Amino acid sequence: MLSQIARRSSPLRLVAAVFALATAVTLSLLPSWGAQAATPPPAAPAASDAAPLAKAVPSAPGRVLLLGRIAHPLVLSVNDLATRYPQHTQTVTFQSGAGPQTHTYTGPLLYDVLQAAKPSFRADVKNDSLRYAVVVHASDNYESVVSFPEIDPGFGNTASLLAVTEDGTSLATAGPRLTAPKDTKGGRYVSNVVAVALVRAGL
Ligand SMILES: Nc1nc2c(c(=O)[nH]1)N[C@H]1C(S)=C(S)[C@@H](COP(=O)(O)O)O[C@H]1N2
Ligand SMILES: [Mo]
């Protein structure tokens, strides 16, 4: 949907679409405890209801929607990720169903991409940034979170990348890949990333 708008239409319409999506996501994240108490959600929601975001994110290869609690929601291409932010290189090993894998990745720090988009942390809450999670969503609906403090140089200092190359091969068509250099298993090396959302997980 967004990708079609992005291809056909003015930047204004794209911004409007991104804003609408960001608003919808924000609204969906607002607590509604009263309603939940009166009508508990079904134990096993239908798969079609599980991930409304999945239907709304860009489907254009290599484009990532950045949204959530940031001042500047935007769509980034792999080329943007490779040129607008400082680039890092890391060689990592993770366990997978196919056995251990070692790869070399290049790309920007997820932390730097988020910082550039200006997280809207609350100034009136002590260490508000410690209450946030980063949801990384893939084209196949695969998803993982990293916590914001985990990737903050002042706390976990984990150098998670939004990798734009893997073993020297561009991910421009496949889409970027999240890296999780301190993880043992490969589960958080999310491939084909299409959206990254900064969400406030605090109570
Ligand atoms: N988009 C997406 N990324 C994913 C997965 C997936 O199913 N979809 N599987 C994860 C798991 S469980 C592992 S172990 C690694 C496997 O890496 P590989 O796909 O390069 O073999 O990818 C991770 N990233
Ligand atoms: Mo895995």
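A short reminder: the numbers here are calculations on the coordinates, not readings from a lab. These numbers were taken from a predicted model, which means no experiment stands behind them. Counting neighbours? That spans all protein chains shown, and the Cβs are built from the backbone with ideal geometry, glycine included.
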Q | Cα→Cβ-extended label distance, 7 Å offset, between Ala98 and Leu130, nm | A | 4.1
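Averaging sequence separations of C-alpha pairs under 8 Å and six or more residues apart, then dividing by the length of the stretch 59-200, give the relative contact order as a whole percent. Before the final figure, lay out each step's value.
Details: 317 pairs, mean separation 46.0, N = 142.
It comes to 32 percent, rounded to a whole number.
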Q) What are the residues whose amide H is under 5 Å from the amide H of Val190, where those residues sit 5 or more places off or on another chain and H is modelled from the backbone? A) Leu178
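At a Förster distance of 30 Å, what's the computed FRET efficiency of Ser170 paired with Ala71, Cβ-Cβ distance as r, to 0.05?
Working: r = 30 Å, r/R0 = 1.00.
Efficiency at R0 = 30 Å is approximately 0.50.
Going through the stretch 91-190, which trypsin sites (Lys or Arg not before Pro) have at most 13 other Cβ atoms within 10 Å and a DSSP loop state?
Values: sites: Arg122, Lys126, Arg131, Arg177, Lys182, Lys185, Arg188; in loops: Arg122, Lys126, Lys182.
Answer in residue order: Arg122, Lys126, Lys182.
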(Q) When a/c reaches 1.5 or more, the comparison of a/b and b/c decides; with that in mind, is the stretch 157-203 rounded, prolate or oblate per its Cα gyration tensor? (A) oblate
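Can you pull out the chymotrypsin sites (Phe, Trp or Tyr not before Pro) in the stretch 100-192 that DSSP calls coil and that have at most 14 other Cβ atoms within 10 Å? The partial results should precede the final answer.
Working: sites: Tyr105, Tyr111, Phe121, Tyr132, Tyr142, Phe155, Tyr189; in loops: Phe121, Tyr142, Phe155, Tyr189.
Counting only loop positions with at most 14 other Cβ atoms within 10 Å, the chymotrypsin sites (Phe, Trp or Tyr not before Pro) in the stretch 100-192 are Tyr142, Phe155.
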Q: Note the full-extension length gain between Lys185 and Arg122 as 0.36 nm times their separation in residues minus their Cα-Cα distance, in nm to one decimal.
A: 19.3 nm
Q) With the Cα gyration tensor of the stretch 100-203 giving a ≥ b ≥ c as the square roots of its eigenvalues, does the rule (a/c under 1.5 for rounded; else a/b larger than b/c for prolate; else oblate) give rounded, prolate or oblate? A) prolate
